[in-house]
1. List pairs: first residue in region 171-199 and open to solvent by 100 Å² or more (accessible area, probe 1.4 Å), second residue modelled with pLDDT of 70 or more anywhere in the structure, Cβ distance under 8 angstrom, at least six positions apart or on different chains.
2. I'm checking my understanding of the structure. Among residues of region 64-112 that are touching a residue at least 24 places away in the same chain (Cβ under 8 Å) and among the hydroxyl-bearing types (Ser, Thr, Tyr), which one is farthest from residue 45 (Cα to Cα)?
3. Taking the stated definitions as given, is residue 75 more than 21 Å from residue 120 (Cα to Cα) and open to solvent by 20 Å² or more (accessible area, probe 1.4 Å)?
4. Check off (1) in contact with a strand residue (DSSP E or B) (Cβ under 8 Å, 6 or more places away or on another chain); (2) among the acidic types (Asp, Glu); (3) modelled with pLDDT under 80 for residue 195 and give me the number that stays unchecked.
5. Out of 162, 145, report the one residue that is modelled with pLDDT of 90 or more and basic (Lys, Arg).
6. Can residue 79 be described as assigned to a loop (DSSP other than H, G, I, E, B) and modelled with pLDDT under 95?
7. May I ask you to list pairs of residues, at least six apart or on different chains, whose Cβ atoms are under 8 Å apart, with the first in region 33-54 being among the basic types (Lys, Arg) and the second being surrounded by 14 or more Cβ atoms within 10 Å (Cβ to Cβ) and not in a helix (DSSP H, G or I)?
8. From the list 108, 95, exactly one residue is open to solvent by 60 Å² or more (accessible area, probe 1.4 Å) and hydrophobic (A, V, I, L, M, F, W, C). Which is it?
Amino acid sequence: MSIKEKYINGIKIDPNIFTFKFGCRCNGECCHYGVYTDLKESEHILTIKDKIIPLMDETQSKNISEWFEPAEEDEDFESGVAVGTEIINNKCTFLDKNGLCVLQRLALQEGEHKWKYKPIYCVLFPLTIYQNTLTIDDEHIDRLKYCNKFPVADTSIFEACKEEIHYFLGDEGFQELLNYKEEVLSQLQNGVLADGNKK
């Protein structure tokens, strides 16, 4: 017997997110490598450049031509095109010297939702969308010291990222996910799903 496949908002759900043990002592480390944005997200960020630039410090480039890598095709992005943020001074172009994202700082300064301007892949990490599946970005977290898998931890990656997943899926989608979680965990007792920390 196997876990039934589940799609929410057209995205397949990897059931391992409910069992994968994870911990994070956040210091912005995950932002050091930059992120892939959807083409539409990068274009929108450029439209608000005049609000972003004043928030940047001396470790960041205020030259907008240095903010993004060349675009490339990627079916996991809504527009079908991904655009990576550049790495400047060993960190994402939008990360300041204090380990804070200027996109998030701008949203908070304006009294908006903190993730209004952030690319969705920034919000979701350590989860990702890969081959149309909400899953664990274990390739990236394996490079990180403070944001990584912890087999002895009490917290699953799902519990650690509830707010982010709720934001991504919306109220109805998140409730559907909670129902699926209960279904998966009940089958776990029968040994249907392997330990999420095993590859």
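1. 199/138
2. Restricting to residues being touching a residue at least 24 places away in the same chain (Cβ under 8 Å) and among the hydroxyl-bearing types (Ser, Thr, Tyr), the top hit is 79.
3. On the way: more than 21 Å from residue 120 (Cα to Cα): no; open to solvent by 20 Å² or more (accessible area, probe 1.4 Å): yes.
Judged against the criteria, residue 75 is not a match.
4. (1)
5. Values: 145 fails: modelled with pLDDT of 90 or more.
Only one candidate qualifies: 162.
6. Numbers: assigned to a loop (DSSP other than H, G, I, E, B): yes; modelled with pLDDT under 95: yes.
Yes; evaluated as a whole, the condition is true for this residue.
7. Pairs that qualify, where the first residue is among the basic types (Lys, Arg) and the partner is surrounded by 14 or more Cβ atoms within 10 Å (Cβ to Cβ) and not in a helix (DSSP H, G or I), are 40/79.
8. Numbers: 95 fails: open to solvent by 60 Å² or more (accessible area, probe 1.4 Å).
Result: 108 is the single residue among 108, 95 that is open to solvent by 60 Å² or more (accessible area, probe 1.4 Å) and hydrophobic (A, V, I, L, M, F, W, C).
The values are calculated or read from the model by the stated rules, or taken from the named source; none is laboratory data. Nothing here was measured: the structure is a model prediction, and the numbers come from that model. Neighbour counts run over all protein chains shown; Cβ positions are idealised from the backbone, glycine included. When the accessible area is computed, the model is the full protein with side chains, heavy atoms only, and any ligands, DNA or RNA have been set aside. Shrake-Rupley method; radii C 1.70, N 1.55, O 1.52, S 1.80 Å.
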